[in-house]
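Input: one structure, supplied below.
The values are calculated or read from the model by the stated rules, or taken from the named source; none is laboratory data. Since we're looking at a predicted model, the values are computed, not measured. Every residue, glycine as well, gets a Cβ built from its backbone with ideal geometry; the counts of neighbours run over all protein chains shown.
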């Protein structure tokens, strides 16, 4: 397939949506990004600039490249501004009813040939699509955080999605420098189905005093060859994000490995979400705390 001359829509400019819009725009696509208010639009644009400015400091990008990316992104608070999009990626709050409401409204404004995708990390695609009247089936494009750096995208294929549609989605992923893997529409898809039990088990081991947090992370990094220990990774992901994901999978499967550990709930209840709040399993200096929604 040749170069894709697609217009891309992104709904939601939170942590994931802003990252997706940034990476898509940085690969030469025109992006229309939609948020609920202009305040959230400005927050999303600032989030992108903050991320790219860190790249300038590290010598990985330049101010001119940042401006080129920002000029490729048009913003709005109206879904009908996506009427000419060839592909629309929804990246709103991880709530089934919220996502379904977005698509119910969206299909009134877009062309029948538009490819619709959701960036959900845990919700079943077929449940989000339930009751939505649109010719093309909803698919999943699960990006990983942060989208500009993480190369993997899970292309989630529901039963009613054709091979041609999935091939188009894979071609888009390649066009933005990502590596797609096609997975079934099952709870947790593939990566989270493997990752969440491991992280839950690590938290449980720490809660039962098998090792200090530092020794536990070092043991995994050096003993298993993982690039980052589980407790540091959880602080990076966000303990609130992990709690939401593992709770969703537990409710869908009732499998014990997805049951949220007691220490996770305790930390989240205390407002200790990890790096973004300055404290999780570890404590972070103010300049280490990342921006978040």
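Suppose we filter 226, 198 for residues that are at pLDDT 95 or above and closer than 27 Å to residue 125 by Cα; which single one remains?
198
Would you call residue 128 under 25 Å from residue 178 (Cβ atoms), touching a helix residue (DSSP H, G or I) at 6+ places or on another chain (Cβ under 6 Å), in the same structural domain as residue 47 (by TED's automatic domain parsing) and not in a strand (DSSP E or B)?
When the stated conditions are applied, residue 128 passes them.
Oh, and also: Can you tell me which residue among 231, 196, 222, 264 is part of a helix (DSSP H, G or I), over 21 Å from residue 150 (Cα atoms) and in contact (Cβ under 8 Å) with a residue 12 or more places away in the chain?
264
Name, by its number, the condition in (1) touching a helix residue (DSSP H, G or I) at 6+ places or on another chain (Cβ under 8 Å); (2) in the same structural domain as residue 124 (by TED's automatic domain parsing); (3) without any contact (Cβ under 8 Å) to a residue 24 or more places away in the chain that does not hold for residue 176.
Here residue 176 clears every test but (3).
Still on this structure: How many residues does the range 148-168 hold that are farther than 23 Å from residue 131 by Cα and either under 17 Å from the mean Cα position of the chain (by Cα) or modelled with pLDDT under 95 (or both)?
7
Being out of contact with any strand residue (DSSP E or B) (no Cβ under 7 Å at 6 or more places or on another chain), assigned by TED's automatic domain parsing to the domain that holds residue 236, surrounded by fewer than 19 Cβ atoms within 10 Å (Cβ to Cβ) and outside any helix (DSSP H, G or I) narrows it down to one of 149, 159, 210, so name that one.
The conditions single out 210.
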